Each structure stands twice: as structure tokens, then as C-alpha cells.
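What follows draws every value from the coordinates through simple rules; no lab data is involved. Values in this document were obtained by computation on a predicted structure and should not be read as measured data. Quick reminder, even Gly has a Cβ in these numbers, built from the backbone with ideal geometry, and neighbours come from all protein chains shown.
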Amino acid sequence: MSTEEKKGGWGNLSKKKDEPSEPVYDKSTAKLIFESSKKREVRSSICAAVYGFDGTGKTGAALDCRTPEEIKEGKMVIVFDLDDGAGPDKDAYWDNDENIVILSPTEITEAGDIDYLASINKLKALVSYVKTEVPEEKIKAVVLDGLDTLKKWAMYKMKLDIGLDLAGGTRIDQKEWERRNFAFLNIVIPLKNMNCDRYFITHLKAVKEYRRVGDSTQLVVVDWVPDWLEGTPGMMFQKIRCERIESPDGKVVLKAKLEKCKTDLSREGKEIVLAEIDPKKGTSKWTPHAFHTLMVG
């Protein structure tokens, strides 16, 4: 029995004897689904993958996705904060707004280590609660802040499921990687299917290659790419890159570029300034609900 089975985890892929049989859909059921699908409900057009280095405004712009009217209406922004980084943004700029809800799923053991199984199970429970208990009409957006962390948690969960050392370099075959993918997608897909704006945020990771440097061969960084599970951007309607530009005089500009927009191809390539910062003067200027403007206009 795996560690997670002992804890009552949800990740065991083998079917148990007492599990119900898989649902069967006959022609009459299929007809009902077909007919109802002709009348599609109006759904949010925003389902965006957002990436960039630290300090580029990703989380701040996602928190600021509501219009003034939506703020007055009490629309909520719900953040699943895997990196525990959204709290400072809320405290600094939205301290009295109870409709920005920060949910931290990270669980720590008595020894001070991350309990990966408990954390991913807690995250799944939080996602399920938001989907089933919070009325969608009250939600402006859900934000999963930390796709790269979710990918790591899913990998560690997979290793624990099959009894591998988390730090070990044991060879893992393809079917076990499918366990990781299942755990990852079992969080992302339910959120993607919600009828509200959806933001999935990740960092950049280094791509390294061995190159000849002088008289030696060294492992060097040759590129930076978004750190998410392969196929993730294909699930999204939009793809946004955030960057930080520092000028020689010390001023800083945070910018976002819309690299992909399925819902309006004419907007691809558009850019918007998220913030302008002058450290010498101690001033900053933030562009309100910039992501919405970038994608919708």
C-alpha cells in the first residue's frame, strides 16, 4: 500500500472492487446532450496563461482584473496561491477588500518540510469547494498562481505513489509520468471549465546546454521558457508574457504582451504598460484592469 493510500489520498489510479462502474451513455442520453449543446450559455472569453520572471506584475495584474463597476457589485477574485506570494499584493493595495480571497494550500510537516501529498489534496478540496459552493455569478475570476509549483507537487505525488525517493534520480517510465500529468490536470481542468475569467500564472525556467567555454565544457543557460506541463498553453485562449524593463536612469516599466488570443486574433502582439516606477522619486503609476484591456479592449 502506498503512502497516500494509507492517508486516504485520491491519486491511486488502480480501480478498487467497491468503486462504481463507469457511466454508460446510450443514444437517448447522447441526443439530450446534443440538443442542449445547440443553446450554449454565454461564457467568459478570458482563459489566460500568464508567464514571466519574478517582479513583472503577473499576480498584481490578475488581482486587478475587475472594473470599478464589478468592484462595487462585490465580484470576487479567488486566488489559489501555491507560492504564498499573492498575500503581500493584497495587503499593499487591497487590504480592506474581502472579495479578494487568497487560498493557500501549502501544508508544512512538524519537521518544517512541505507535505506534498497533503498540499495537493488540500488544493483539490479547495478547488472542489469553490466550484460547487460559491455561485459563479459572484466570481469575476479565479487565479491559479504557481503552475510551476503545481507541476512539482504533481511530480512528487507521483514519486510517493510508487514509492520513490523524492530526491532520487531513479529512471521513471512513461506510465508513471502519466500519473503526474493526471494529478496536474485534475486541478487545472476543473478551474478552466468554470464560467468566469481564469488566469493561470507561472514563472520562467532556464534551458541549459553543455557548451565549450574557453578550455572547458560548461553547463550554460541558453534560453528561458515558461515552466508548465507540456500542452498547457494549448488549453488556454490567451497567452501573456510579462516583463520588467529598467532604463539607465533607474526608472522601471512593467509591460505585458499578448502573444496569443484565440478569441480575437487581431489583438495578438498588442502590448500594455502594467506599471511605471520611479525608485528615485519613490513614485509608481499602475494601469487599472490592464489584462482585461489588453485582451478585450
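Brief remarks on what is shown
- In terms of its C-alpha gyration tensor, the stretch 151-222 comes out oblate, because a/c is 1.5 or above while a/b does not outweigh b/c.
- The stretch 238-278 versus the stretch 96-156: alpha-carbon centroid distance in Å: 27
- Beta bridge orientation in the chain: antiparallel %, DSSP, nearest 5: 55
- What the phi angles of the stretch 289-297 give under the Karplus curve with 6.51, -1.76 and 1.60, with θ = phi - 60°, is a coupling list of 5, 5, 4, 4, 4, 5, 8, 10, x Hz, glycine and proline written as x.
- Net charge of the neighbourhood of LEU294, taken over other residues with C-beta under 9 Å away and scored Lys/Arg +1, Asp/Glu -1, is +2.
- Summing Lys and Arg as +1 and Asp and Glu as -1 over all other residues whose Cβ lies under 12 Å from the Cβ of ASP249 gives a net charge of +1.
- Each of THR149, GLY74, VAL188 was placed along the dipole of the chain (beta-carbon charges, centred on the mean Cα), and the one lying farthest toward the positive end is VAL188.
- Amide proton proximity set for VAL50, modelled H, under 5 Å, gap of 5+: PHE200, ILE201, THR202, ILE240
- Restricting the stretch 113-173 to trypsin sites (Lys or Arg not before Pro) that sit in a DSSP loop and have at most 11 other Cβ atoms within 10 Å of their own Cβ leaves ARG171.
- Taken about its Cα centre, the chain carries a charge dipole of about 1020 debye when Lys and Arg each add +1 at the Cβ and Asp and Glu each add -1 at the Cβ.
- Net charge, THR67 excluded, C-beta distance under 13 Å - Lys, Arg +1, Asp, Glu -1: -1
- The simple Förster model, with R0 at 35 Å and r as the Cβ-Cβ distance, assigns ASN96 and LYS205 a FRET efficiency of 0.45.
- Two-site label geometry, GLN218 and GLU73: point separation in nm, points 7 Å out along Cα→Cβ: 5.5
- The stretch between GLU276 and THR132, if pulled fully straight at 0.36 nm per residue, gains 47.9 nm over its current Cα-Cα span.
- Summed over qualifying helices (DSSP H, 4 residues or more, each -39500 (n - 2.57)) and divided by its residue number, the chain shows a 222 nm mean residue ellipticity of -9500 deg cm²/dmol.
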